[in-house]
Amino acid sequence: MPAAPPSETDFEGLLRALVAASVEFIVIGGVAGKAHGSPRLTVDLDVVYARSDENVRRLTSALAPLEPYLRGAPPGLPFRFDPETVRRGLNFTLRTTRGDLDLLGEVAGGGGYGALLAHSRELEMFGLRCRCLELDKLIEVKRAAGRPKDLEAIAELEAIREERRKRGL
Amino acid sequence: MKRTADGFVVAFAPLSGDPPFAPDPVIEAYKKDVDRGLIVENLKLTIDERLRQLVAIQRFAAEVRRAGRAAFGD
């Protein structure tokens, strides 16, 4: 467990750890929204990861040095972030030494990594090649989540869509 | 990175056709309060600049929290 939560999320550091280990993942959520032009602040990194054995192994190795721990869980809980834990679970909200990271095996309205792959695009984020969810799918996924706190963010993403359409972007 | 003549960054494949989802009256209501000026300015930034902006805002928010704690306690 990280000694104390970092005051900021090091998005670049988290992405670098995943990319360096060749983890298959797609950036979704607030960071994807930011890449699409959202002015909204986000404090965690959300990614959908591939559930293959090999990828789960890469994922757990990549994150081990960042001491992942269940966010909000009481200190001292016997939690081991290893391939077995990931295989038995699906979605994990983690605190790491580089900030908060949500690892999602599946998302409502989108499915898993394989289903989302065709709706993603490779981009350069912080100088790293990463896959990011396309705007329409990002809106669909946020809508499907059905969380009242997302309403403003969805409205903003739909406004981005309209502004891009107006300009042929 | 490609730009249009009026300075917008072409970062993604162009959107074509209607959105693949129906308008939602609740979201439409929220949309009225969206600051489109900020969005338009962001569309002129590269993806890297958009992400660096996120880092800068996050740093600023952390600094405000720190200053608040120093001045008023937890």
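Nothing in this text is a laboratory measurement; each read-out follows from the coordinates by a stated rule. Bear in mind that the values here come from a model prediction, so they are computed numbers and not experimental data. Cβ placement follows ideal geometry from the backbone for every residue including glycine, while neighbour counts extend to all protein chains displayed.
Tell me yes or no: at least one residue of segment A:28-36 is more than 14 Å from chain B (Cβ to nearest Cβ) and over 14 Å from B:Val55 (Cβ atoms). Within segment A:28-36 (the criterion being more than 14 Å from chain B (Cβ to nearest Cβ) and over 14 Å from B:Val55 (Cβ atoms)), the answer is yes, since at least one residue qualifies. If the condition is being assigned to a loop (DSSP other than H, G, I, E, B) and buried (at least 18 other Cβ atoms within 10 Å of the Cβ), then segment A:98-118 contributes A:Arg98, A:Gly105, A:Gly110. Taken as a whole, segment A:118-140 holds at least one residue that is under 20 Å from A:Leu157 (Cα atoms) and of a type in the set (Val, Ile, Thr).
Count of segment A:83-97 residues, restricted to those that are of a type outside the set (A, V, I, L, M) and assigned to a loop (DSSP other than H, G, I, E, B), is 3. The one condition from (1) within 14 Å of chain B (Cβ to nearest Cβ); (2) not in a strand (DSSP E or B) that A:Leu63 does not meet is (1).
Screening the candidates A:Arg87, A:Arg80, A:Arg161 for the property of being without any contact (Cβ under 8 Å) to a residue 60 or more places away in the chain and under 20 Å from B:Ile47 (Cα atoms) yields one hit, A:Arg161.
Inclusion of A:Arg80 among residues that are farther than 26 Å from B:Val55 by Cα, in a helix (DSSP H, G or I) and of a type outside the set (Ser, Thr, Tyr) is not warranted.
Restricting B:Lys2, B:Lys32 to residues that are closer than 22 Å to A:Arg121 by Cβ and more than 8 Å from chain A (Cβ to nearest Cβ) narrows the list to B:Lys2. Would you call B:Pro14 within 7 Å of another protein chain (Cβ to nearest Cβ), in contact with an Asp or Glu (Cβ under 9 Å, 6 or more places away or on another chain), exposed (fewer than 11 other Cβ atoms within 10 Å of the Cβ) and in a loop (DSSP other than H, G, I, E, B)? Against the criterion (within 7 Å of another protein chain (Cβ to nearest Cβ), in contact with an Asp or Glu (Cβ under 9 Å, 6 or more places away or on another chain), exposed (fewer than 11 other Cβ atoms within 10 Å of the Cβ) and in a loop (DSSP other than H, G, I, E, B)), B:Pro14 does not qualify. All of A:Arg147, A:Arg71 fail the test of being more than 14 Å from chain B (Cβ to nearest Cβ), of a type in the set (Lys, Arg) and surrounded by fewer than 19 Cβ atoms within 10 Å (Cβ to Cβ), apart from A:Arg71.
On the given criteria, is B:Glu49 out of contact with any Leu (no Cβ under 7 Å at 6 or more places or on another chain), assigned to a helix (DSSP H, G or I), more than 7 Å from every other protein chain (Cβ to nearest Cβ) and under 19 Å from A:Arg121 (Cβ atoms)? For B:Glu49, the condition - out of contact with any Leu (no Cβ under 7 Å at 6 or more places or on another chain), assigned to a helix (DSSP H, G or I), more than 7 Å from every other protein chain (Cβ to nearest Cβ) and under 19 Å from A:Arg121 (Cβ atoms) - is met.
Of everything in segment A:37-60 that is of a type in the set (Asp, Glu) and within 14 Å of chain B (Cβ to nearest Cβ), the residue that is surrounded by the most Cβ atoms within 10 Å (Cβ to Cβ) is A:Asp46.
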